Amino acid sequence: MAGTDKTRATPSGDAPVVVLVNPQLGENIGTAIRAMANFGLSELRIVNPRDGWPNEKAVSAASGADWIIAHTRIFDRLEEALFDRNYVYATTARPRGMVKEVLTPEQAGSDMRRRIDRGEKPGILFGRERWGLSNDEISLADVIVTAPVDPAFASLNIAQAVLLVGYEWYKGLAVTLGQETPELPALLGPGLQMADTRPATKEELFGFFAHLEGELDEAGFFKTPEKKPGMVRNIRNLFTRTELTEQEVRSLRGMVASLVRAHLRKGKSRQQ
């Protein structure tokens, strides 16, 4: 499928385990699995899924994240799903009145990476679609993860919650942006992308200035000698701010040359 490369899935031992507690609908499990795959979360454990497992609707909604579905483990009790974990994060939007540290997803992602680097095995709990995790379930976790959401509408569905926490976990590991294609490599980072070109050198830029200013002078653009220096500075500042590429400088010089040629042709035709 477009946007996937199953050969590069993150090994489960290098990422937190995702634990869905009593999820209701197969579609929601599937979209959560798809969100996991987006951000290198490859091991899923489901506690007491209402509609059983395997689930055809989950498979369809997962959009090809088959390696996660194939290794999903089912548990009757939450405690059993956490036996081999060293540290557990419980996601919730509601205050619980517990003496327990609360982290943002960004803080939790950084903490997960640190713990995995020193050999720990973290897990992330996500609750039911309608009312999340119970207080008893949250009491089994070491820390609460709560996102800065609009208090007027704070609820996230399972896939949104997994995507949010997964992104914050994975962004500190990612070395590229987006996906590699047969034509182009993945982006190395944000910022201006210059495919098949490079920033213009000052020599190229100054050559363009000389070309443009010479033609403007010939066309009578600079109305008086007194105003010309200020007008030239404004023109140069305009193009300097744009950080032109080598290709763009060549294109601009081509435009100026074409306009001059067209003007000369018109002049000759009027004379004939």
Counting only residues that are within 43 Å of the chain's Cα centre (by Cα) and loosely packed, with under 12 Cβ neighbours inside 10 Å, segment 252-270 contains a total of 3
Within segment 222-246, considering residues that are among the β-branched types (Val, Ile, Thr) and in contact with an Asp or Glu (Cβ under 9 Å, 6 or more places away or on another chain), the one most open to solvent (accessible area, probe 1.4 Å)
242
Condition set in contact with a Ser or Thr (Cβ under 9 Å, 6 or more places away or on another chain) and assigned to a strand (DSSP E or B), scope segment 136-146, selection surrounded by the most Cβ atoms within 10 Å (Cβ to Cβ): answer is 145
Can you confirm whether segment 207-214 contains a residue that is over 17 Å from residue 106 (Cβ atoms), modelled with pLDDT under 90 and assigned to a helix (DSSP H, G or I)?
no
What single numbered condition from (1) open to solvent by 60 Å² or more (accessible area, probe 1.4 Å); (2) in contact with a strand residue (DSSP E or B) (Cβ under 7 Å, 6 or more places away or on another chain) fails to hold for residue 51?
(2)
Across segment 57-99, the tally of residues that are open to solvent by 40 Å² or more (accessible area, probe 1.4 Å) and of a type in the set (Ser, Thr, Tyr) stands at 1
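Rundown of residues vs (1) modelled with pLDDT under 95; (2) among the acidic types (Asp, Glu); (3) over 18 Å from residue 217 (Cα atoms), yes/no style:
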residue	(1), (2), (3)
233	no, no, no
261	yes, no, no
264	yes, no, no
268	yes, no, yes
Right, residue 149: open to solvent by less than 70 Å² (accessible area, probe 1.4 Å), of a type outside the set (Gly, Ala, Ser) and at pLDDT 95 or above or not?
no
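The values are calculated or read from the model by the stated rules, or taken from the named source; none is laboratory data. Owing to the predicted nature of the structure, the values given are computational and were not obtained by experimental measurement. Note that we place each Cβ from the backbone using ideal geometry, even for glycine, and neighbour counts take in every protein chain shown. Side chains included, ligands, DNA and RNA excluded: accessible areas come from the protein's heavy atoms. Shrake-Rupley method; radii C 1.70, N 1.55, O 1.52, S 1.80 Å.
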